[in-house]
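To start, the structure itself, in structure tokens.
The values are calculated or read from the model by the stated rules, or taken from the named source; none is laboratory data. Computed from a predicted structure; not experimentally measured. Here Cβ is always computed from backbone atoms with ideal geometry, including for glycine, and neighbour counts include all displayed protein chains. These area figures cover heavy atoms from the full protein model, side chains too; ligands, DNA and RNA do not enter into them. Shrake-Rupley method; radii C 1.70, N 1.55, O 1.52, S 1.80 Å.
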Amino acid sequence: MAEVQPLTEESVIDYVKGKEELRSVFEGADDIRSSQITEGNVNLLFRVYSESDPDKSVIVKQALPYAWRYPDFKMPLDRSRIEYEVLRLEGKYCPENVPKIYLYDPELHVLVIEDLNHHLVMREGLMKRKRYPHVAEHVGTFMARTLFYTSDLYLPSEEKKAMVPKFINPVLCKVQEDLVFTQPYIDHPNNRWTPGLDEQVRRIHADDELRSEIFMLKELYMTHAQAVIHNDLHTGSIMLNEEETKVVDPEFAFYGPMAHDVGTYLANLALNYAAQEYHSPTPEERADYRKWLAGQIAETWQVFEREFLRLWEEEGNDDWPSDAFRRKYMLQMLQDTAGFGAAEMMRRLIGLAHVHDFWTIEDEGIRARAESLGLNIALAWVRNRRSVEKIDDLVEMVTEAKPEV
Ligand code: SR1
Ligand code: MG
């Protein structure tokens with residue numbers, strides 16, 4: 001793998017000052033500062049800004065030959081090119097839902113993008129029980145458009161086939177195959193969980209029927225080149241405020257199954273639902289916020305389905321003239337959404353890469369109860385997915401699940 005010089009809080013300032021493409025952003029600023037952002041898992045991230053005018057600012061994102069938080073995970077530098085191309089592709093169909101790109105530097109594997117400093121990471125907002133009135137509309141529409149316009153339902157067959165190799169992302173896909181679909185279901189040194197979950201995890205590891213269901217999903221993930229999927233569409237990949245929603249970090253993108261994106265997003269809403277065991281101060285506030293989250297699961301799917309079907313009706317190619325096929329296609333997508341959503345929840349609870357919603361819970365007993373609830377929601381989604389007929393079935397499995405500890 002080629003050597004790459006990692007940027008530092010000092011060198012990133014000179015880097016930004018030397019780039020013609022960034023002149024207009026920092027026009028008149030002679031007090032440029034930087035600070036490293038340590039929230040992500042994968043890349044080196046800096047915010048570079050003018051001290052006297054913080055709205056003059058950008059985010060500098062550098063790919064290193066490994067995952068920043070997990071240096072044992074070697075990763076190709078080419079992921080910054082994939083991220084750049086996917087951001088441009090998504091920007092073509094949903095310009096209002098992706099950050100502006102100022103610069104892509106293939107030499108240093110750097111992307112400089114809009115600083116979303118008037119937006120909050122969605123996961124952190126949910127932990128504070130914030131409600132976003134437009135997020136279901138925005139995320140549902142984003143998923144419908146990016147997935148539909150890159151699929152065989154829209155693109156001519158030859159054009160779509162020519163697109164697939166542009167988004168081959170073997171190393172990052174293998175990371176997800178291992179971390180999402182394999183390691184959480186076997187005895188593996190990367191796995192960790194809260195001690196109070198020992199018995200539940202023992203049963204999961206002993207359950208070969210469950211493992212086989214997850215492997216069915218893994219095989220689908222590895223072989224179903226259906227659309228350009230984001231492939232890491234959790235609430236940490238969304239930045240938003242009451243008016244705007246931006247989807248960031250598409251470096252894992254590849255041609256995969258659409259339901260993986262939909263399931264990952266809905267799963268992270270369900271995980272937050274479980275984590276409200278801790279984040280809500282009173283039973284009343286917990287019930288109230290959980291109602292909002294459950295409503296978000298339903299509404300996001302409904303927006304997604306409505307917009308997807310509208311696009312298919314109005315802009316679909318002529319290769320699929322069957323109403324029954326449409327119905328089967330959407331039902332399959334919902335059932336696969338349940339499966340992929342379950343896999344996302346499980347790996348965030350008993351695999352390597354856990355999420356803030358839970359790791360901020362210091363009291364181990366409360367954390368175990370919240371995580372146990374998350375596991376039982378996931379188990380219900382994956383075990384019952386073949387009989388799911390409508391989104392309310394998934395919502396009901398969330399609201400009826402109980403923790404075991
Ligand atoms: C080694 S990378 C761990 C996780 O971070 C990314 O956001 C992906 O979800 C990956 O599984
Ligand atoms: Mg990410």
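Summary of computed values
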quantity	calculated
Base-10 log of normalised Debye intensity for the stretch 120-400 (one unit scatterer per alpha-carbon) at q = 0.14 Å⁻¹	-0.99
The stretch 1-46: trypsin sites (Lys or Arg not before Pro) falling in loop per DSSP and having at most 14 other Cβ within 10 Å	ARG23
The chain: most fluctuating residue of ASP357, ASP232, ASP55 per GNM, C-alpha cutoff 10 Å	ASP55
Highest-fluctuation residue, SER322, SER237, SER80 considered, GNM on the chain with Cα pairs under 10 Å	SER322
PHE252 accessible area, 1.4 Å probe, all protein chains in place, Å² to nearest 10	10
Relative contact order of the chain, pairs being alpha-carbon contacts under 8 Å that are 6 or more residues apart, as %	17
Accessible surface, 1.4 Å probe, highest first, among residues THR223, THR146	THR223, THR146
Karplus-derived 3J(HN,Hα), 6.51/-1.76/1.60, for each residue of the stretch 31-43, Hz, glycine and proline x	10, 7, 10, 9, 9, 7, 9, 10, 7, x, 9, 10, 10
Cβ-defined net charge surrounding SER24, 15 Å radius [Lys, Arg +1; Asp, Glu -1]	-2
For the stretch 120-400, with +1 on Lys and Arg beta carbons and -1 on Asp and Glu, the positive-most of ALA227, HIS356, ALA136 along the dipole	HIS356
Eligible lysines near LYS390 by straight Cα distance, threshold 25 Å, same-chain separation 8 or greater	LYS218, LYS291, LYS328, LYS402
Under 5 Å, built H, 5+ apart or other chain: amide partners of PHE254	ILE229
Dipole magnitude of the chain, debye to nearest 20 (Cβ charges: Lys/Arg +1, Asp/Glu -1, about Cα centre)	660
Qualifying aspartates and glutamates (Cα of each under 18 Å from Cα of LYS161; at least 8 residues distant if same chain)	GLU85, ASP152, ASP318, ASP319
Cα centroid separation - the stretch 42-102 against the stretch 103-125, whole Å	4
Nearest-10 value in Å² for the accessible area of LYS161, using the 1.4 Å probe	130
Out-of-range pairs (alpha-carbon distance over 20 Å; input LYS56/LYS128; LYS56/LYS100; LYS92/LYS246; LYS100/LYS166; LYS61/LYS246; LYS19/LYS246)	LYS56/LYS128; LYS100/LYS166; LYS19/LYS246
Cα centroid separation - the stretch 330-405 against the stretch 237-297, whole Å	12
Within-13-Å neighbourhood charge of MET330 [Cβ basis; K, R +1; D, E -1]	0
